[in-house]
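Undergrad: Below is one structure. I have some questions about it.
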Amino acid sequence: MAMVTRMTTGIRTATPMTTEQLHVDPALILHRWLSPAYPVGAFAYSHGIEAAVADGWITDTPTAEAWIRDILDHGAGHNDALLLAAAWHAAPQDLPEIAELALALAPSASRRLETSAQGAAFAATTAEIHGIDLPAMPYPVALGRAARLMDLPLDMLLRLSLLAFASTLTSAAVRLVPLGQTDGQRILSGLEPLCQTLAQRAETGDLEGLGARAILSDIAAMRQEALTTRLFRS
């Protein structure tokens, strides 16, 4: 819920307002949260793609799309969607355990930084803008909790957050391979059905489904930390 401030006999009071009462389309809030303009610094992270390009594992549009597809379906995309949904469903006292699990799933220091730094930045900005109690948590957990507090729909958030993650990875590939902008959009267009499918699978937030087997992506994330010259933080 958002907070508005009213003046009553000279005293400021905070009144919670739902998106319905404010007549705001939830899609607009979610698109703003997940847009490149929202200050989480997503542009600074390649999720190991920088090392994958340096090692010759990604060389063109087909290999970039296959790499990103595997991350979504078998790596952090799948896990983060489940963590997000679990945070949306969770009682407040259960959030620390979900946040701890999210950090434990990061296979390298740079990937841990990726989720924790973006989550802290998202939480700080969102708490300030919307007047909600949102402590620093890993990024998918913070997203899920914020959406629950704001009464925003989980199904839409899952679809948009998966596509936003795919967009971040594709943007890194466009700069690093390099690929043309049209090639980047072709990749994203091809990934849209997968984002929808993964969102549907994750909606229950059942953490028993957690698990990743995008092993080369994990190795690339570790190798990226040792590159002599780096453009990205992960």
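The values are calculated or read from the model by the stated rules, or taken from the named source; none is laboratory data. Bear in mind that the values here come from a model prediction, so they are computed numbers and not experimental data. As a convention, Cβ positions derive from the backbone with ideal geometry for all residues, glycine included, and neighbour counts pool all protein chains shown. When the accessible area is computed, the model is the full protein with side chains, heavy atoms only, and any ligands, DNA or RNA have been set aside. Shrake-Rupley method; radii C 1.70, N 1.55, O 1.52, S 1.80 Å.
Undergrad: Rounded to the nearest 0.05, what FRET efficiency do residue 89 and residue 35 have when you use their Cβ-Cβ distance and R0 = 35 Å?
TA: 0.90
Undergrad: Also, quick follow-up: Round to a whole angstrom and tell me the spacing of the C-alpha centers of region 176-219 and region 127-162.
TA: A separation of 20 Å, based on Cα centres.
Undergrad: Please give the Cα centre distance for region 90-126 versus region 42-73, rounded to the nearest Å.
TA: 23 Å
Undergrad: Related question: Quick one: angle between helix 215-224 and the longest Cα principal axis of the chain, in degrees between 0 and 90, rounded to 10, please.
TA: It works out to around 90 degrees.
Undergrad: Further question: How much accessible area per residue does the chain have, counting only protein heavy atoms and a probe of 1.4 Å, in square angstrom?
TA: Heavy-atom accessible area per residue stands at 48 Å².
Undergrad: Build a GNM of the chain with springs between Cα atoms under 10 Å: which of 170, 182, 63 gets the top mean-square fluctuation?
TA: Greatest mean-square fluctuation among the candidates belongs to 182.
Undergrad: Just 115, 126, 204 to compare: in a GNM of the chain, with alpha carbon springs under 10 Å, which one fluctuates most?
TA: 204
Undergrad: Next question. Hey, what number do you get for the chain at 222 nm if only DSSP H runs of n ≥ 4 count, each worth -39500 (n - 2.57), divided across all residues, to the nearest 500?
TA: Value at 222 nm, helices only, nearest 500: -19500 deg cm²/dmol.
Undergrad: If you don't mind, there's one more thing I want to ask. Full-extension gain between residue 133 and residue 104, please, as 0.36 nm times their residue separation minus the C-alpha to C-alpha distance.
TA: 8.0 nm
Undergrad: Leaving ligands, DNA and RNA out of it, report the carbon-plus-sulfur percent of the accessible area of region 41-225 at a 1.4 Å probe.
TA: The C+S portion of the solvent-accessible surface of region 41-225 is 54 percent.
Undergrad: Under a 10 Å cutoff between Cα atoms, tell me which one of 213, 223, 111 has the largest fluctuation in the Gaussian network model of the chain.
TA: Sorting by GNM fluctuation, first place goes to 213.
Undergrad: How far apart, in nm, are the 7 Å Cα→Cβ label points at residue 186 and residue 226?
TA: Computed distance between label sites residue 186 and residue 226 equals 3.5 nm.
Undergrad: Calculate how steeply helix 109-130 sits against the longest principal axis of the alpha-carbon atoms of the chain, using the helix alpha-carbon long axis, and give the answer as 0 to 90 degrees to the nearest 10.
TA: Helix 109-130 and the main axis of the chain meet at about 30 degrees.
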